[in-house]
1. Remind me, relative contact order of the stretch 1-58 in percent, using alpha carbon pairs under 8 angstrom and six or more residues apart?
2. To make sure I understand, if each residue's beta carbon is the centre and we count other beta carbons within 10 Å, what order do 6, 29 fall in, fewest to most?
3. Find how much the distance from residue 99 to residue 40 grows on full extension, using 0.36 nm per residue of separation minus their present alpha carbon separation; answer in nm with one decimal.
4. Once you sort the root eigenvalues of the Cα gyration tensor of the stretch 1-107 as a ≥ b ≥ c, which label holds: rounded (a/c under 1.5), prolate (a/b larger than b/c) or oblate (the other case)?
5. What is the distance, in nm, between label points placed 7 Å from the Cα along the Cα-to-Cβ direction at residue 3 and at residue 89?
6. Using alpha carbon centroids, what distance separates the stretch 15-71 and the stretch 87-105, in Å?
């Protein structure tokens, strides 16, 4: 199937500005040099330019490489992290936020609860 991103294991966002004139080979070079990753990694790699209204994505498939390109046709921008040296792994929720025009870190979003270790002394204290 052509570009089925639902089957990827990881989503990586290349923060900062990417020259959007780069095509498949140039973007694959960034993935190889900056992330030390390649076709063997089942991942989606996202790039954004200076204006933040276009995104390019690289997806490696078993028989080739897919270049996805999205340009906003409405007024707005993607909320792209600008730390040039940073590469971040996104969750599917963060990817959805990004594609919806939101920040990838939502301060009011529910955070997963930290697991609390339950011990026998806790149960004894609650009974007393």
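1. Working: 64 pairs, mean separation 25.3, N = 58.
Over the stretch 1-58, the number comes to 44 percent.
2. On the way: 6 7, 29 11.
Lowest to highest Cβ neighbour count: 6, 29.
3. Working: separation 59, 0.36 × 59 = 21.24 nm, distance 2.56 nm.
So the extension gain works out to 18.7 nm.
4. Numbers: a/c = 1.43, a/b = 1.34, b/c = 1.07.
Taking the square roots of the gyration eigenvalues as a ≥ b ≥ c, the stretch 1-107 is rounded.
5. It works out to 2.5 nm between the two label points.
6. One Cα centre to the other: 16 Å.
Laboratory data are not the source of any read-out in this text; all were calculated from the coordinates shown. It should be emphasised that the depicted structure is a prediction, and the values quoted were computed from it without experimental measurement. All Cβ positions, even for glycine, are placed from backbone atoms using ideal geometry, and neighbour counts span all protein chains on display.
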